[in-house]
Amino acid sequence: MTGIPLNIDWQQILLHLFNFTILFGALYILLYKPVKNYMEQREKHYADMDKAAEDNLRAAEESKTAYADKVRAFDEETRAERTKLNKELEASRERQIAAAKADAEKIVSDARIEANREKEEIIASAQKEITDMVTGAMEKLTLEQSASDAFDQFLDAAEAREA
Amino acid sequence: MNKRERRRTAVIFAVIALIFMLAAIFTGGGGTEEEPIQSVMRDAVLHDLNKVSLFGLMDVNPGLLAGFIVSGFLILLALICRIFIIPKFKPVPGKIQLVLETIVGLFDGMAKGNSKINKFLGAYIFAAGAYIFTGTLFELFGVQAVTTAGRSISLPAPLSDINGAIMMGCLSYLVIMSGGIAGNGIKGIGKTLKEYSLPISLSFRLFGALLSGALVTELVYYYSALSYVLPVLVGVLFTLLHALIQAYVLTMLTSLFYGQVSDNTPKPPREKKHRRKSSKANAAA
């Protein structure tokens, strides 16, 4: 190998290569691969944790949105129910007012009829009483004075009353 | 520790350092045989003088032996981590776990950032980065070996050996080509072959960078007068710095070219012609 400049020796190059190949294999198996695997596992573990946290956050956001939707729907439902109940209440009130009015009118009408009837009865009774009083008075007068005068007077009085 | 005690410690430290320096200066040159600096530097480049025996089987460059030692050390370290540390990993990492995860994550991220097909690339640049970084730092420890000529030498960085650098450069090129095949099939080979200078540039970049470090260190340590304070800068800081830089450069270049040749997204249609046409239409108008 003396012809090659710088004393380059192919056999020694191959020995260096052999040496480095063994070193490469040993370092790869003993150090590089286990450390890298551990780092990747840890990275994966934290990535999984991160993903789980993101999933939980997303689920919480979805729950929050669903809850807000439900609350909104419930509010709308309540509002609609309230409106419906208000309308029913209004209708019921109007019906009640109408019925009360009808009752009142009937009562007033009945009262009016009763009053008229009572008035007529009173008038009739009063007339009868007056008649009786007058009759009684006449009878008294007749008894006290002469019967004819009394009778004439009575007739005059009756005629006057009739007029 | 109060001011007086600190001053006393500093004086003691300085006296000890001075004694060592004087001892080294006055005892220098006493050896039976001294290699001239020219010879040391030439051998650092060519590795033609100082060979070491590889387990008694053959004579090899010291860099190869250093490569085996570095690989053995790294494999032992990986084994210890696999048995004692990795099974005790926790979701909230401790200090050692954090270091391991940072290193693996750095190379994995580099591979992922440059290519969609990155499973093999990440593992390769991790091993290459670890080998270059540890191999470069290895020269700091000055592990001694005996050459076949009976001299004592400190083992250099494995990649300051041209053979090691060529292996690393060519292997990186083959890895890049494998990315091209994985991403684009036969077309990927063509795309990789277009970068025909890559194995040479990758190899010689590594060789040049690590050799220059080794040469400067050799130079500094050759003269005992330069062996005080200065090695802290050139020996430790520079070695640390270029260990980091070379590991980063090779892994970055490999992943960059790998991503380039494995990219199979269709090119957007060219707008040049349309522009020309529209400019002509504008001119006609």
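The values are calculated or read from the model by the stated rules, or taken from the named source; none is laboratory data. Since the structure is predicted, the reported quantities are computational estimates derived from the model, not experimental observations. Cβ placement follows ideal geometry from the backbone for every residue including glycine, while neighbour counts extend to all protein chains displayed.
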>> Can you find, within region A:13-62, the residue that is farthest from the chain's Cα centre (by Cα) among those that are of a type in the set (Phe, Trp, Tyr) and surrounded by 14 or more Cβ atoms within 10 Å (Cβ to Cβ)?
In response: A:Phe18
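In this structure, is B:Phe73 more than 8 Å from chain A (Cβ to nearest Cβ), outside any strand (DSSP E or B), touching a residue at least 60 places away in the same chain (Cβ under 8 Å) and out of contact with any Lys or Arg (no Cβ under 7 Å at 6 or more places or on another chain)? Write out each step before concluding.
Details: more than 8 Å from chain A (Cβ to nearest Cβ): yes; outside any strand (DSSP E or B): yes; touching a residue at least 60 places away in the same chain (Cβ under 8 Å): yes; out of contact with any Lys or Arg (no Cβ under 7 Å at 6 or more places or on another chain): yes.
In short, yes.
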> When B:Lys191 is evaluated against the numbered criteria (1) of a type in the set (D, E, K, R); (2) under 27 Å from B:Val45 (Cβ atoms); (3) in contact (Cβ under 8 Å) with a residue 60 or more places away in the chain, which criterion, by number, is the only one it fails?
Replying inline: (2)
>> For a quick check of your reading of the model, give me the residue pairs whose first member lies in region B:44-56 and is closer than 11 Å to B:Thr148 by Cβ, whose second is of a type in the set (Lys, Arg) and assigned to a helix (DSSP H, G or I), with beta-carbon atoms closer than 9 Å and at least 6 apart or on different chains.
In response: B:Leu49/B:Arg42
> Do you know which residues across region A:1-32 are more than 8 Å from every other protein chain (Cβ to nearest Cβ) and part of a loop (DSSP other than H, G, I, E, B)?
Replying inline: A:Met1, A:Thr2, A:Gly3, A:Ile4
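For region B:220-233, which positions are in a helix (DSSP H, G or I) and either more than 22 Å from B:Ile16 (Cα to Cα) or of a type in the set (Ser, Thr, Tyr) (or both)? Let's see the steps before the verdict.
Here is the first cut: in region B:220-233, the residues in a helix (DSSP H, G or I) are B:220-222, B:224-226, B:230-233.
Result: B:Tyr221, B:Tyr222, B:Ser224.
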>> Every residue in region B:129-147 that is buried (at least 16 other Cβ atoms within 10 Å of the Cβ) and aliphatic (A, V, I, L, M), please.
In response: B:Ala130, B:Ile132, B:Leu137, B:Leu140, B:Val143, B:Ala145
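In this structure, does B:Leu49 turn out to be within 20 Å of B:Gly142 (Cα to Cα) and touching a Leu at 6+ places or on another chain (Cβ under 9 Å)?
Values: within 20 Å of B:Gly142 (Cα to Cα): yes; touching a Leu at 6+ places or on another chain (Cβ under 9 Å): no.
In short, no.
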>> Tell me the residue from A:Val35, A:Val71 that is among the β-branched types (Val, Ile, Thr) and more than 9 Å from chain B (Cβ to nearest Cβ), please.
In response: A:Val71
>> Going residue by residue through region B:148-161, is there one that turns out to be surrounded by fewer than 14 Cβ atoms within 10 Å (Cβ to Cβ) and assigned to a helix (DSSP H, G or I)?
In response: no
> What are the pairs, 6+ residues apart or on separate chains, where a residue within region B:79-99 that is within 10 Å of chain A (Cβ to nearest Cβ) has its Cβ under 6 Å from a residue that is assigned to a loop (DSSP other than H, G, I, E, B) and aromatic (Phe, Trp, Tyr)?
Replying inline: B:Gln97/B:Phe89
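Results for (1) modelled with pLDDT under 90; (2) over 15 Å from B:Ser71 (Cα atoms); (3) basic (Lys, Arg), shown as yes or no for each residue.
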| residue | (1), (2), (3) |
| --- | --- |
| B:Ala128 | no, no, no |
| B:Glu139 | yes, no, no |
| B:Thr148 | yes, yes, no |
| B:Gly164 | no, no, no |
| B:Cys170 | no, yes, no |
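Given the condition part of a loop (DSSP other than H, G, I, E, B), more than 13 Å from chain A (Cβ to nearest Cβ) and within 18 Å of the chain's Cα centre (by Cα), answer yes or no: does some residue in region B:100-115 qualify? Can you show your working first?
Residues of region B:100-115 that are part of a loop (DSSP other than H, G, I, E, B), as a first pass: B:115.
Remaining after also requiring more than 13 Å from chain A (Cβ to nearest Cβ): B:115.
So of that shortlist, the ones also within 18 Å of the chain's Cα centre (by Cα) come out as none.
No, there is no match, as no residue in region B:100-115 is part of a loop (DSSP other than H, G, I, E, B), more than 13 Å from chain A (Cβ to nearest Cβ) and within 18 Å of the chain's Cα centre (by Cα).
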> If you check B:Leu193 against the conditions, is it in a helix (DSSP H, G or I) and either at positive phi or under 18 Å from the mean Cα position of the chain (by Cα) (or both)?
Replying inline: no
> So B:Ala214 fits all but one of (1) in a helix (DSSP H, G or I); (2) over 17 Å from B:Val70 (Cα atoms); (3) of a type outside the set (Val, Ile, Thr); what number is the exception?
Replying inline: (2)
> For B:Leu206, are the conditions met, namely being in contact with a Ser or Thr (Cβ under 7 Å, 6 or more places away or on another chain) and under 22 Å from B:Ile132 (Cβ atoms)?
Replying inline: no
> Of the numbered conditions (1) touching a Lys or Arg at 6+ places or on another chain (Cβ under 8 Å); (2) surrounded by 24 or more Cβ atoms within 10 Å (Cβ to Cβ); (3) facing another protein chain (nearest Cβ under 10 Å), B:Phe126 satisfies every one except a single condition; which is it?
Replying inline: (1)
> What tally of residues in region B:51-68 results from selecting those that are surrounded by fewer than 17 Cβ atoms within 10 Å (Cβ to Cβ) and touching a helix residue (DSSP H, G or I) at 6+ places or on another chain (Cβ under 7 Å)?
Replying inline: 1
